Amino acid sequence: NAGVMQNPRHLVRRRGQEARLRCSPMKGHSHVYWYRQLPEEGLKFMVYLQKENIIDESGMPKERFSAEFPKEGPSILRIQQVVRGDSAAYFCASSPARNEQFFGPGTRLTVL
Amino acid sequence: TQLLEQSPQFLSIQEGENLTVYCNSSSVFSSLQWYRQEPGEGPVLLVTVVTGGEVKKLKRLTFQFGDARKDSSLHITAAQTGDTGLYLCAGAQGSTLGRLYFGRGTQLTVWP
């Protein structure tokens, strides 16, 4: 049973470019969460999605960030016009029916 | 402000020693999860506790949820070098699991 998959594992972008991070949840999981981890701050919640619905986006910056979880395909976290402060590790977690969360390996975003 | 405070921040011990790490809050949580994270990887779920006063054992690891569901502890007996890693506690609030609030973690190093 494959775990949560994230790609790419590493992503380098120049300031002003767009970053697209993908997350495929575990089989049978319909709930997806995105978290960001900065070195001195720990893991911070960004957004919680169910298929085709955003349930809680209270942790997501109001501008440049968006997330979706379409009926078919992976969940996407999109960051437009990246800035150096967006450099971080982004983790996706999935859960069945709002239960325990299982994390993927993360995407390390570096903005030059 | 951090909803969950973990202590100690760093712990360095010899193989065979016992240790306890703490996760404290002034807020009540409906459940609390412990994760272990290794460099370059995502957090791996160790245990979930949901009932005040609950104690769960996982081989040499003992997890306890406080009676008031505001704090938790992780005790490791006879630590091994393979226990080295970042231990994170994460709490959920409300009647069902949504976003998780993470502590900053305890970095454990076990020396041979």
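Taken together, the values in this text are just the output of simple stated rules run on the coordinates, not laboratory data. Remember, it's a predicted structure, so these values are computed and weren't measured experimentally. As a convention, Cβ positions derive from the backbone with ideal geometry for all residues, glycine included, and neighbour counts pool all protein chains shown.
General remarks:
- Inter-site label distance for residue B:2 and residue A:18 at 7 Å from Cα along Cβ, in nm: 3.7 nm
- R0 of 25 Å, Cβ-Cβ distance residue B:24-residue B:51: FRET efficiency to nearest 0.05: 0.85
- Distance between the modelled labels on residue A:66 and residue A:54, one decimal in nanometres: 0.9 nm (7 Å Cα→Cβ projection).
- Quotient of C-alpha Rg and 2.2 N^0.38 Å, computed over chain B: 1.01
- Excluding exposed DSSP-loop GluC sites (Glu not before Pro) (at most 14 other C-beta within 10 Å), longest clean stretch of chain B: B:18-112
- Order of A:10, B:75 under a 10 Å beta carbon neighbour criterion, fewest first: A:10, B:75
- By the rule of a C-alpha distance below 22 Å, with chain neighbours fewer than 8 residues away ignored, the lysines paired with residue B:70 are A:44, B:56, B:57.
- Only Cα pairs under 8 Å and 6+ residues apart enter the sum, and on that basis the relative contact order of chain B stands at 37 percent.
- One decimal place: the segment residue B:93-residue B:41 gains 16.1 nm when fully extended, by the rule 0.36 nm per residue minus the C-alpha distance.
- Averaged over the residues of A:85-94, the number of partner chain Cβ atoms lying within 10 Å of the residue Cβ comes to 1.
- Exposed GluC sites (Glu not before Pro) absent: longest stretch of chain A, with sites in DSSP loops and at most 12 other Cβ within 10 Å deemed exposed: A:73-112
- Beta bridges per DSSP with both ends in the protein assembly as shown, % antiparallel, nearest 5: 90 percent
- Put in line by how crowded their Cβ is, counting other Cβ atoms within 10 Å and starting with the fewest, B:111, A:34 read B:111, A:34.
- Top of B:40, B:82, B:52 by mean-square fluctuation, Gaussian network on chain B, Cα under 10 Å: B:40
- Distance in nm between pseudo-label sites at residue B:77 and residue A:26 (7 Å out along the Cβ direction from Cα): 2.7 nm
- Only Cα pairs under 8 Å and 6+ residues apart enter the sum, and on that basis the relative contact order of the stretch A:3-100 stands at 36 percent.
- For chain A, DSSP calls about 90 percent of its internal beta bridges antiparallel.
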